[in-house]
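The values are calculated or read from the model by the stated rules, or taken from the named source; none is laboratory data. Keep in mind the model is a prediction, meaning the values are calculated, not measured. Ideal geometry is used to build each Cβ from the backbone, glycine not excepted, and the neighbour counts take in all protein chains shown. Remember, those area values only see protein heavy atoms, side chains included, never the ligands or the DNA or RNA. Shrake-Rupley method; radii C 1.70, N 1.55, O 1.52, S 1.80 Å.
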2 protein chains.
Amino acid sequence: MTTHLFISPRAQPLPRWQHAFPDATLAARPGARRADVVWWMPPQFDASALDALIADLPAGTPLVVLSSEPSQADAMQALAAGARAYCHAYATPAMLQQVAVVVLNGGLWLGPELMSTVMGVASKQLLADVDPAAATRLDALTPRERAVAIEVAHGATNKEVARRLDITERTVKAHLSAVFEKLGVRDRLQLVLELKQPPASVDRAA
Amino acid sequence: MTTHLFISPRAQPLPRWQHAFPDATLAARPGARRADVVWWMPPQFDASALDALIADLPAGTPLVVLSSEPSQADAMQALAAGARAYCHAYATPAMLQQVAVVVLNGGLWLGPELMSTVMGVASKQLLADVDPAAATRLDALTPRERAVAIEVAHGATNKEVARRLDITERTVKAHLSAVFEKLGVRDRLQLVLELKQPPASVDRAA
DNA sequence: CTGCCTATTGGACCGGTGGACAGGGTCGCC
DNA sequence: GGCGACCCTGTCCACCGGTCCAATAGGCAG
């Protein structure tokens with residue numbers, strides 16, 4: 001049985017929530033509650049509150065952000081913070097259940113329009129970003145090392161990498177040390193510079 | 001009953017496919033077949049073939065791209081073309097079923113690593129549209145702050161910056177804190193990314 | 001003169017980082 | 001079976017990075 005936790009300042013859960021998930025619990029404020037899916041409906045969108053909420057959630061717990069007035073900007077902030085879905089608070093029970101199914105199975109749910117916007121931008125960016133120079137130098141690395149290197153190249157801390165790759169921070173360090181060694185850089189910052197610089201000029205050509 | 005169509009050049013379906021979806025049909029070549037979910041496993045990744053395949057699919061039919069050797073670059077191309085999921089061809093039947101559930105409910109399935117990569121990049125890009133703070137540049141800084149920022153952007157440590165500018169390491173920290181604050185970044189790594197990833201212009205008109 | 005900004009520095013504090021020891025496991029290859 | 005990769009985890013420790021608490025001093029606008 002999957003458990004659902006709705007976090008909302010409102011006194012009563014929306015009827016459609018109960019309709020969709022009769023056994024769901026409701027909390028007025030975020031807490032270190034455990035649940036299979038956490039639904040968050042803030043009175044008004046607050047990025048920092050969302051960050052704090054996600055930080056407190058057990059790793060891997062999917063968060064769905066609900067909004068009575070969805071906006072693209074809010075959705076983006078929600079996704080940036082790590083939410084796995086963003087949808088209308090007054091969506092039909094059937095749709096809420098669909099969303100739950102998606103996030104419970106490791107998916108991302110955004111609704112058609114947002115989805116296409118996100119995918120368009122993301123794929124364009126990543127195609128231009130990961131493909132070119134990086135590949136040539138990264139192929140000396142093992143797949144796992146490469147994954148860590150790419151995360152770091154995007155600015156992630158060890159803790160964040162660990163969370164995203166679902167490994168220990170210690171393991172991240174291990175891979176990272178190997179990466180530094182293989183690429184001949186002294187720290188993560190040099191790694192970023194190495195991967196961002198086009199391969200053209202190898203400055204120690206002297 | 002949901003119908004599954006596997007498109008693969010191989011003569012026999014993989015056992016795990018049959019295990020996951022006993023009623024699935026197999027086709028060697030793309031065609032205008034109808035199905036609730038289409039799974040495509042190309043002998044090797046081919047972006048144009050993928051485009052053609054998606055064009056022939058009934059609108060709204062989710063496509064899952066399978067790969068026996070997943071790569072981030074291929075995944076990006078698949079997503080750009082409109083695939084709704086990208087996963088390992090030898091994933092467990094349970095995972096394949098999860099993927100099916102996700103895409104059938106309007107979700108996107110990428111696996112944890114790719115997912116975080118995509119979301120990170122996409123949200124950063126889209127937020128830049130919405131949040132002008134992130135687009136702020138060096139001209140908002142005082143001359144001294146700018147000098148420090150540039151040194152750091154070249155990969156210098158605080159100690160190195162201090163030596164080059166002939167000031168105390170402590171002072172470097174002070175300037176840096178101001179820089180972080182003004183540019184809205186959390187640390188030197190984000191600063192480097194901000195300065196390396198230049199144009200604030202997001203050509204999202206398309 | 002009175003703020004206000006800028007540049008500079010000090011000390012204390014804490015979390016992030018990277019190296020140096022460890023070890024555990026799986027897999028494929030000889 | 002051994003041997004070497006790759007992946008994952010652990011502890012200890014020195015160092016770096018960033019923030020918070022200050023303080024001093026010059027320039028500039030009101």
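Would you point out which residue out of A:V65, A:V101 is closer than 20 Å to A:L14 by Cα and in contact (Cβ under 8 Å) with a residue 24 or more places away in the chain?
A:V65
On the basis of being among the polar types (S, T, N, Q), open to solvent by 20 Å² or more (accessible area, probe 1.4 Å) and touching a residue at least 24 places away in the same chain (Cβ under 8 Å), does B:Q44 make the cut?
no
Give just the number: which of (1) of a type outside the set (F, W, Y); (2) touching a helix residue (DSSP H, G or I) at 6+ places or on another chain (Cβ under 8 Å); (3) open to solvent by 60 Å² or more (accessible area, probe 1.4 Å) does B:E69 not satisfy?
Just one mismatch for B:E69, condition (2).
Residues in the range A:156-178 that are open to solvent by less than 30 Å² (accessible area, probe 1.4 Å), closer than 18 Å to B:Q72 by Cα and within 12 Å of DNA strand D (Cβ to nearest atom): how many?
Qualifying residue count for the region: 2.
For the range B:80-102, enumerate the residues that are open to solvent by 10 Å² or more (accessible area, probe 1.4 Å) and either touching a Ser or Thr at 6+ places or on another chain (Cβ under 6 Å) or not assigned by TED's automatic domain parsing to the domain that holds B:A24 (or both).
Scanning the range B:80-102 gives a single hit, B:A80.
Where the second residue is open to solvent by 30 Å² or more (accessible area, probe 1.4 Å) and of a type in the set (A, V, I, L, M) and the first is at the interface with another protein chain (Cβ under 10 Å from one of its Cβ atoms) and lies in the range A:159-187, which pairs have Cβ atoms under 9 Å and are six or more apart or on separate chains?
Close Cβ pairs (under 9 Å, with a partner that is open to solvent by 30 Å² or more (accessible area, probe 1.4 Å) and of a type in the set (A, V, I, L, M)) amount to A:V161/A:I167; A:R163/A:A59; A:D166/A:A59.
Here are some conditions: (1) assigned to a loop (DSSP other than H, G, I, E, B); (2) open to solvent by 40 Å² or more (accessible area, probe 1.4 Å); (3) under 30 Å from A:I167 (Cβ atoms). B:E113 meets all but one. Which one does it not meet?
(1)
Collect the residues in the range B:152-171 that are in a loop (DSSP other than H, G, I, E, B) and either near DNA strand C (Cβ under 7 Å from one of its atoms) or β-branched (V, I, T) (or both), keeping them in residue-number order.
B:T157, B:I167, B:T168
Please tell me if A:T136 is surrounded by fewer than 17 Cβ atoms within 10 Å (Cβ to Cβ), at pLDDT below 80, in a helix (DSSP H, G or I) and more than 7 Å from every other protein chain (Cβ to nearest Cβ).
yes
Let's see how each residue does on (1) modelled with pLDDT under 85; (2) within 16 Å of DNA strand C (Cβ to nearest atom); (3) among the small types (G, A, S):
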| position | (1), (2), (3) |
| --- | --- |
| B:Q72 | yes, no, no |
| B:R84 | no, no, no |
| B:V99 | no, no, no |
| B:L108 | no, no, no |
| B:P112 | yes, no, no |
| B:D129 | yes, no, no |
| B:I150 | no, yes, no |
| B:K173 | no, yes, no |
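Taking the residues in the range B:32-70 that are touching a strand residue (DSSP E or B) at 6+ places or on another chain (Cβ under 8 Å) and among the hydroxyl-bearing types (S, T, Y) as candidates, determine which candidate is modelled with the highest pLDDT.
Within the range B:32-70, the match that is modelled with the highest pLDDT is B:T61.
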